[in-house]
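Step one of this worksheet: look at the structure below.
The values are calculated or read from the model by the stated rules, or taken from the named source; none is laboratory data. All values reported here derive from a predicted model rather than from experimental measurement. Neighbour counts are summed over all protein chains in view; Cβ atoms, including those assigned to glycine, are modelled from backbone coordinates with ideal geometry. For the accessible areas, the whole protein counts, side chains as well, though only heavy atoms, and no ligand, DNA or RNA atoms are used. Shrake-Rupley method; radii C 1.70, N 1.55, O 1.52, S 1.80 Å.
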Amino acid sequence: MAQTKTNTEDYLRMYAQMVRIRTFEDTANQLYLSAKMPGLTHMYSGEEAVAVGICEALTTTDRITSTHRGHGHCVAKGAAFKEMFCELLGKEEGYCRGKGGSMHIADQFNGNLGANAIVGGSMGIATGSAFTAKMQGRDDVTVCFFGDGATAQGLLYEVMNMAALWKLPVIYACENNGYSEYTATAEIAAGSITARAEAFGIEAHQVDGQDVLAVNTLTQDLVARARKGEGPFFLELMTYRYHGHHVGDINREYYRSKDEERDWKDNRDPIVKFRGWLVDQGVASEAEIEAMNAEIKQDAAEAVEYALNARYPAESEVDMHVYADIEHALAPHTA
């Protein structure tokens, strides 16, 4: 495992953030299975090192765009459990007042421009964000998360062409988890994914997406260079999702084997790998890590309990933030 930061606090925060993502997803899955959460959701479990390794290299004012599998990005960029669970449960204290839900959550305060249920749908938004930063003379960097399946979307090639021509401060982060919904990546993506970016003269890297320090080391370097006008950049992060495409995708044997899933969980889990490294390096003891895990689990349980009892938005809000000339949409919200 590569090494980067030498500050113990940074290492422990990265570990905690990965555990927070896994805990959030486990809890959200239980909410779905117990029929307490409406709609489908897409689990990020197994891919935690990607979101954390990248977002730990960003500042609050740096921006990200997310995907339909976006909870991990949201947590990694600084979102709080309470507001996130309120959003998933449709409550007014959610980040989008309960109207975005799992696939449309956004957290503007922490620079998360939003998840997107359209495959590759946020690529233009991310590139536009980077263009805005350059035009306004800011040194903000935007990271665009998307899956391997989104490399088949034409929009990616349009925006990479513009980003390369204008040297925009954007990093395209392809989370290659091996499957585009229910089809193996090898069956939908011809040739090399990184070569797609290189065709536009964009520097591209492939990295082990299960190694949070490797991801973080590379991202820190690319972010620093993007701030100096050396972007754009492209990352292909090799990772794996433990659950199905969505929570209803239970029987997956027709497109991937249980042995394959077991191998990734047993031998390449990003949290287990990093935990072992922390203990081996003397950064934390097993007891300290267990205490951290327990605290995060308790935080999630309390956030869920709060969200379950929180209020739904008023019916009068149905057109708030939709039409500009609706009076109550322009007025400050009162409890």
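Any idea what Rg and Dmax come out to for the stretch 69-135 if you just take the C-alpha atoms, in Å?
12.2, 38
Restricting things to alpha carbons, tell me how big the stretch 15-149 is in terms of Rg and Dmax, in Å.
Expressed in Å, the Cα Rg and Dmax of the stretch 15-149 come to 14.3, 49.
Based only on Cα atoms, what Rg/Rh ratio does the chain have, Rh being taken as Kirkwood's radius? Could you put the intermediate results ahead of the total?
Values: Rg = 19.7 Å, Rh = 20.5 Å.
Here Rg/Rh amounts to 0.96.
With a 1.4 Å probe and every protein chain left in place, work out the accessible area per residue of the stretch 1-60 in Å², rounded to a whole number.
37 Å²
When only DSSP loop residues count, what chymotrypsin sites (Phe, Trp or Tyr not before Pro) in the stretch 1-85 have their Cβ near at most 16 other Cβ atoms within 10 Å?
none
Using the Kirkwood formula on the Cα atoms of the stretch 1-85, what hydrodynamic radius do you get, in angstrom to one decimal?
13.7 Å
Just to confirm the filter: which chymotrypsin sites (Phe, Trp or Tyr not before Pro) across the stretch 163-248 are DSSP coil and have at most 14 other Cβ within 10 angstrom of their Cβ?
Numbers: sites: TRP166, TYR172, TYR179, TYR182, PHE200, PHE233, PHE234, TYR240, TYR242; in loops: TYR182, PHE200, TYR240, TYR242.
Here the sparse-neighbourhood loop sites are TYR182.
Where the accessible area of the chain is counted over protein heavy atoms with a 1.4 Å probe, how much of it, in %, is carbon and sulfur?
So the carbon and sulfur contribution to the accessible surface is 52 percent.
Given the C-alpha atoms of the stretch 169-257, compute the convex hull and give its volume per residue in Å³.
Residue-normalised Cα hull volume stands at 101 Å³.
Determine the principal axes of the Cα atoms in the stretch 187-335, then give the extent along each, sorted from largest to smallest and rounded to whole angstroms.
For the stretch 187-335, the Cα spread along each principal axis is 53, 48, 43 Å.
Which of the GluC sites (Glu not before Pro) found in the stretch 185-269 are in a DSSP loop and have at most 10 neighbouring Cβ atoms, other than their own, within 10 Å? Provide the component values of the computation, followed by the final result.
Numbers: sites: GLU187, GLU198, GLU203, GLU230, GLU236, GLU253, GLU260, GLU261; in loops: GLU230, GLU253.
Here the sparse-neighbourhood loop sites are GLU253.
Roll a 1.4 Å probe over the protein heavy atoms and report the accessible area of ASP266 in Å², nearest 10.
The value for ASP266 is about 110 Å².
What distance in nm lies between label points placed 7 Å from Cα along the C-beta direction at GLU198 and ARG256?
Rounded to a tenth, the inter-label distance reads 2.6 nm.
Which log10 I(q)/I(0) values does the stretch 108-213 give at q = 0.14, 0.16, 0.19, 0.21 Å⁻¹ under the Debye formula, counting every alpha carbon as one identical point scatterer?
Those come out to -0.57, -0.74, -1.03, -1.23, one per q.
Could you tell me how far the Cα centroid of the stretch 164-224 sits from the Cα centroid of the stretch 50-115, in Å?
Distance between centres, Cα-based: 21 Å.
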